[in-house]
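A.B. asks: One structure follows; several queries about it will come next.
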Amino acid sequence: MSGDRGRFITLEGIEGVGKTTNRDYIQRLLEQTGRTCIVTREPGGTPLGEALREMLLEHRHEGMSSDAELLLMFAARAEHLHKVIVPALEAGNNVLCDRFTEATYAYQGGGRGINDKKISELENWVQGELRPDLTIILDAPVETGRKRAGQRSAPDRIEKEKNDFFERVRHTYLELASHYPDRIAVIDAGVDLEKVQDQIVHVMTEHGILA
Ligand code: Z5A
């Protein structure tokens, strides 16, 4: 990728921590850098990816095998990278993506118990050397996130897993952040929105995304 490529920022966390709520705010911050910011999501972001998202989340596919789930996530990601993310970055735009490969480590790795090695092989195959410039993990206790999400909509196929699944997901996110502190930041999302957004500005500045 060329030297003047845009920045690739991803948002992560268990359900209900505020990824959707904070997306527009982060987009506005990224646009202050003078570059257009493309906002997208995973699974999804392309017609094929959105079709795969429906298959992954609807209850009709209850009991889907963990390997099938993993491969569908990466199939959607391959299409997303090829059609949206890489062209946008190469055109000099910033890209803000609601979930990316850290979600695969957390949900399919931590949650479902798939070996990290399998995930990293797919990561290297599908992404080559591309990694997000910054991943912001919005972190809150599982009960807080589930309570907030529950007030908003009925649970989908993955959201209806039990609390211990989400505890493993949360734990894996925190582990990833401790392994890659240069590109993954954790924010306390269990507090008022204003305080969450102050922390977002702080980590984006600290990681050189904002001046
Ligand atoms: N998944 C996977 O397994 N593997 C992968 O590789 C990928 C994804 C990429 C879809 O994700 C599912 O795909 C997801 C993981 C899996 N399944 N689960 N669980 P998604 O991102 O589309 O869905 P989600 O995680 O379920 O997101 P969500 O429920 O929409 O949560 P959110 O976007 O983080 O929360 P929100 O909608 O912004 O906020 C929820 C409510 O809380 C809302 O009413 C807000 O007004 C309120 N809120 C937000 N912040 C605050 C604060 N600070 N205080 C008080 N109230 C707040």
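A.B. asks: Using the Karplus curve 6.51 cos²θ - 1.76 cosθ + 1.60 with θ = phi - 60°, work out ³J(HN,Hα) for each residue of the range 166-173 in order, rounded to whole Hz, and write x for Gly and Pro.
C.D. replies: Each residue's phi maps through the Karplus curve to give 6, 5, 5, 4, 4, 4, 5, 4 Hz.
A.B. asks: Carbon and sulfur: what percent of the chain's accessible surface (1.4 Å probe)?
C.D. replies: In the chain, the share of accessible area belonging to carbon and sulfur is 51 percent.
A.B. asks: Compute the separation of the alpha-carbon centres of the range 111-170 and the range 47-88 and state it in Å as a whole number.
C.D. replies: Using only Cα atoms, the two centres lie 14 Å from each other.
A.B. asks: What is the local net charge at Met64, summed over the other residues whose Cβ is closer than 12 Å to its Cβ (Lys, Arg +1; Asp, Glu -1)?
C.D. replies: -1
A.B. asks: With the contact rule set at Cα under 8 Å and sequence spacing of 6 or more, what percent relative contact order holds for the chain?
C.D. replies: 32 percent
A.B. asks: Turning to a different aspect of this structure: How big is the dipole moment of the chain about its Cα centre under a simple scheme where the beta carbon of each Lys and Arg is +1, that of each Asp and Glu is -1, and everything else is neutral? Debye, nearest 20, please.
C.D. replies: 260 debye
A.B. asks: Excluding Cys97 itself, calculate the net charge of residues whose Cβ lies under 11 Å from the Cβ of Cys97, where each Lys or Arg counts +1 and each Asp or Glu counts -1.
C.D. replies: Taking every other residue near Cys97 into account, the sum is +1.
A.B. asks: Give, in whole angstrom and from largest to smallest, the semi-axes √(5λ) of the equivalent ellipsoid of the range 112-159, with λ running over the eigenvalues of the Cα gyration tensor.
C.D. replies: 29, 15, 11
A.B. asks: Of the beta bridges DSSP finds with both residues in the chain, what % are antiparallel, to the nearest 5?
C.D. replies: Looking only at bridges with both residues in the chain, the antiparallel portion is about 0 percent.
A.B. asks: Measure up Lys19/Lys117; Lys19/Lys83; Lys19/Lys162; Lys83/Lys162; Lys118/Lys160 against 29 Å on the Cα-Cα distance and list the ones that go over.
C.D. replies: Those over the limit are Lys83/Lys162.
A.B. asks: For His207, what charge total do you get from the other residues with a beta carbon under 11 Å from its beta carbon, if Lys and Arg give +1 and Asp and Glu give -1?
C.D. replies: -1
A.B. asks: For the range 8-206, take N as its residue count and report Rg(C-alpha) divided by 2.2 N^0.38 Å.
C.D. replies: The range 8-206 yields a ratio of 0.97.
A.B. asks: If you don't mind, another one. At 1.4 Å probe size, what's the solvent-accessible area of Cys37? Round to the nearest 10 Å².
C.D. replies: 10 Å²
A.B. asks: Follow-up. Using a 1.4 angstrom probe on the protein heavy atoms only, could you order Glu102, Glu79 from most to least accessible area? Please report the intermediate quantities before stating the final value.
C.D. replies: On the way: Glu102 5, Glu79 40 Å².
Ranked from most to least accessible, the order is Glu79, Glu102.
A.B. asks: Now, a different point. Compute, for the range 122-211, the length of the dipole vector about the Cα centre, with Cβ point charges of +1 (Lys, Arg) and -1 (Asp, Glu) only. Units Debye, rounded to 20. Walk me through the numbers before you get to the answer.
C.D. replies: Values: 12 positive and 17 negative charges, 89 e Å.
Result for the range 122-211 is approximately 420 debye, rounded to the nearest 20.
A.B. asks: A further question follows. Determine the per residue accessible area of the range 8-206 with all protein chains present and a 1.4 angstrom probe, expressed in square angstrom.
C.D. replies: Per-residue value: 47 Å².
A.B. asks: In the chain, which longest range has no trypsin sites (Lys or Arg not before Pro) that are both DSSP loop (not H, G, I, E or B) and surrounded by at most 12 other Cβ atoms within 10 Å?
C.D. replies: For trypsin sites (Lys or Arg not before Pro) (loop position, at most 12 other Cβ atoms within 10 Å), the longest site-free span of the chain is 1-151.
The values are calculated or read from the model by the stated rules, or taken from the named source; none is laboratory data. Model, not experiment: these values are computed from the prediction. Cβ sites come from the backbone with ideal geometry, for glycine too, and all protein chains shown count toward neighbours. Each accessible area value is taken on the protein alone, full model and side chains, heavy atoms only, with ligands, DNA and RNA left out. Shrake-Rupley method; radii C 1.70, N 1.55, O 1.52, S 1.80 Å.
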